[in-house]
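Report on the structure given below.
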Amino acid sequence: MTAVCRVDTLRGVYGGIKSLSEVAFPCGSWIRPPDVCSESHAVSRNLVSIGNYKVGDGQPLLFILGPCVMESESLVLSIADRLAELRDRLRIQIVFKSSFDKANRTSVDSYRGPGMDEGLRMLDLVRQKTGLPTTTDIHEAAQAVPCAQVCSILQIPAFLARQTDLIVAAADAAVANNICVNVKKPQFVAPEDTIHAVKKCRARGLNSIMLSERGSTFGYGRLVNDFRCVPIMKSFGVPVVYDATHSVQLPGGATTGGQREMVPVLSRAAVAVGCDAVFMETHPDPDKAFSDGPNMVVLDQLETLLKQLTVLRETILSFE
């Protein structure tokens, strides 16, 4: 049986504290991460708007959820319907995510997706039928404009987060359509260096930017999370997303493995250190999924985790 700690319970544990600065940690007092960028980050307290949602400091969690790749229209819509039901019943913020092209599949024989035109048609159906905002990843600059006409967030994949032309195209399309760009931190890049992606977006007039932590390469076939990434990247004036399912990937071989049992543990840790959104891929039967099955969350097991993370976010906000 999973225990969920109430906000007032945690307040009691800490003696009615009002802020984290009043808590004595073994390593000393709470220290704000150094601002590694010399310029001022006057971007509305790390806040961005995604449709009717507010994401960032002082706001409820945003959940970015959906299947890794679009396998069929029926699967996409059935998952979206379930997520919309959770949104309404739990009163939480959910964006639907799925990919129309997995352009970075390990094997040439692996399924990549339905392609952009068909994929955008499905995402538009999701938006119309459920009211969920949508997001997808783009891999080429030419994909930015058509995707921005359907999606509320354009996602830049981790392996492409240093491609200036791609980021510029996404930022321009986002400005034109009043949407957001989410840049995933590459596995091989220090959190301090993600400021350059933020600067590239801001240089195009875009302030609706998010950064995602999705693990760092630790030897061959292993990713680890350094949760210092969250406060460091937040210091740039942007909300930070924790990608809970790609962080538990086990790269290598013809297909990518994963440890989905670690998703709840790590996502709770990420919320505890202050992430503003949690990204999780989900599927009714991950072991039969066309892509990233070993690290996706079983759809029927998602609700419990969403409730836990929501309560934990409320607890963290109560310290501020």
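The values are calculated or read from the model by the stated rules, or taken from the named source; none is laboratory data. Since the structure is predicted, the reported quantities are computational estimates derived from the model, not experimental observations. Note: ideal-geometry Cβ built from the backbone for every residue, glycine included; neighbour counts use all protein chains shown.
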Among the residues of the range 176-188, count how many are crowded, with 17+ Cβ neighbours inside 10 Å, aliphatic (A, V, I, L, M) and either free of Cβ contacts under 8 Å to residues at least 40 places away in the same chain or in contact with an Asp or Glu (Cβ under 9 Å, 6 or more places away or on another chain) (or both).
-> 2
(1) within 23 Å of A269 (Cα to Cα); (2) within 17 Å of the chain's Cα centre (by Cα) all hold for S208 apart from (1)
Mind checking which pairs have a first residue in the range 87-114 that is at positive phi and at pLDDT 85 or above and a second that is of a type outside the set (F, W, Y) and in a loop (DSSP other than H, G, I, E, B), Cβ under 9 Å, 6 or more apart or different chains?
-> R91/P60
Tell me which residues, restricted to the range 157-175, are aliphatic (A, V, I, L, M), surrounded by fewer than 21 Cβ atoms within 10 Å (Cβ to Cβ) and out of contact with any helix residue (DSSP H, G or I) (no Cβ under 7 Å at 6 or more places or on another chain).
-> V175
Spot the failing condition for L223; the list is (1) over 25 Å from G113 (Cβ atoms); (2) crowded, with 18+ Cβ neighbours inside 10 Å; (3) touching a strand residue (DSSP E or B) at 6+ places or on another chain (Cβ under 9 Å), and only one is missed.
-> (1)
Answer residue from the range 189-220, given it is surrounded by fewer than 23 Cβ atoms within 10 Å (Cβ to Cβ) and of a type in the set (S, T, N, Q) and is farthest from V248 (Cα to Cα) among those | N207
Check L83, L75, L61 and return the single one that is touching a Phe, Trp or Tyr at 6+ places or on another chain (Cβ under 8 Å), at pLDDT 95 or above and surrounded by 17 or more Cβ atoms within 10 Å (Cβ to Cβ).
-> L83
Hey, does the range 162-170 have a residue that's modelled with pLDDT of 95 or more and closer than 20 Å to Y53 by Cβ?
-> yes
In the range 281-291, what residues are touching a residue at least 12 places away in the same chain (Cβ under 8 Å) and either crowded, with 20+ Cβ neighbours inside 10 Å or charged (D, E, K, R) (or both)?
-> E281, T282, H283, D285, P286, A289, S291
Got a sec? Which of L154, L206 is within 22 Å of F96 (Cα to Cα) and touching a helix residue (DSSP H, G or I) at 6+ places or on another chain (Cβ under 9 Å)?
-> L154
Hey, among the residues in the range 292-320 that are under 15 Å from G66 (Cα atoms) and aliphatic (A, V, I, L, M), which one's surrounded by the fewest Cβ atoms within 10 Å (Cβ to Cβ)?
-> V298
Give the residues of the range 246-291 that are among the acidic types (D, E), under 18 Å from E71 (Cα atoms) and at pLDDT below 95, sorted by residue number.
-> D285, D287
Take the range 187-202 and flag every residue that is aliphatic (A, V, I, L, M), within 14 Å of Q163 (Cβ to Cβ) and in a helix (DSSP H, G or I).
-> A197
